[in-house]
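This report refers to the structure that appears directly beneath it.
The values are calculated or read from the model by the stated rules, or taken from the named source; none is laboratory data. Just so it is clear, the structure is predicted and the values come from calculations on it, not from any experiment. Using ideal geometry, Cβ is built from the backbone for each residue, glycine included, and neighbour counts are taken over all protein chains shown.
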Amino acid sequence: MKSKLFLSLAFILSLLTVNTTYSQQNHKQKSLTHVVYNDNVNAPLSNTELQFINDVYGDNSDDILNNSNRLKDVKNILRNRVEIMYLPGKDLSSFVNLSTVPLFNSYNKSLTRDAFFNEATFNPLKYQFNFHSRDENKTFRFDNSQYLIIIKSQHPQ
């Protein structure tokens, strides 16, 4: 009798263990690839890039500037992962408007959205683009304009 109880409990325990192990695995998520930086991330910050960081991070800019890995990530975003396209005459209404992307104002509550698009002054750090997602490139439209903002994945396919 005790052996039947023991076998039943062992069987139930093994089923639970297999089910728990299987359910904790995410079978749909792609494995991460190592982020490869272009050589241009080794160059010093430009005045514009420094201003972008200061505008967004304010008094906390040193958290970026004094951490070589975070600085490299920000340089990579600004130099390699944001592309602006101007497509006159094209119907861009199917793209997500930039106005739907929240501002990243955790450090600087006075950040404001750009009223007009200017490629030279557009600061992508101001917006909560999911720069570190595993997804493919994301494209946004500067509202009611012919400009697209493409955020390239850091894990190219």
- Message: Taking the condition of being among the polar types (S, T, N, Q) and surrounded by 13 or more Cβ atoms within 10 Å (Cβ to Cβ), how many residues in region 124-157 meet it?
- Response: 5
- Which numbered condition trips up residue 102, out of (1) at pLDDT below 95; (2) in contact with a strand residue (DSSP E or B) (Cβ under 9 Å, 6 or more places away or on another chain); (3) surrounded by fewer than 13 Cβ atoms within 10 Å (Cβ to Cβ)? (1)
- Query: Is there any pair linking a residue in region 56-78 that is of a type in the set (Gly, Ala, Ser) to one that is surrounded by 12 or more Cβ atoms within 10 Å (Cβ to Cβ), with Cβ under 7 Å and at least six apart or on different chains, and which?
  - Reply: 58/107; 58/108; 61/53; 61/54
- Near pairs, Cβ below 9 angstrom, 6+ apart or cross-chain, from region 105-131 (in contact (Cβ under 8 Å) with a residue 24 or more places away in the chain and part of a loop (DSSP other than H, G, I, E, B)) to any residue that is among the acidic types (Asp, Glu) and surrounded by fewer than 11 Cβ atoms within 10 Å (Cβ to Cβ): 107/59; 108/59
- Selection from region 132-156 of residues that are hydrophobic (A, V, I, L, M, F, W, C) and in a loop (DSSP other than H, G, I, E, B): 142
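Table: residues versus (1) in contact with a helix residue (DSSP H, G or I) (Cβ under 8 Å, 6 or more places away or on another chain); (2) closer than 18 Å to residue 84 by Cα; (3) of a type in the set (Gly, Ala, Ser).
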residue	(1), (2), (3)
106	no, no, yes
109	no, no, no
115	no, yes, yes
124	yes, yes, no
129	no, yes, no
132	no, no, no
144	no, yes, no
149	yes, yes, no
154	yes, yes, no
- Can we say residue 83 is at negative phi, surrounded by 12 or more Cβ atoms within 10 Å (Cβ to Cβ) and of a type in the set (D, E, K, R)? yes
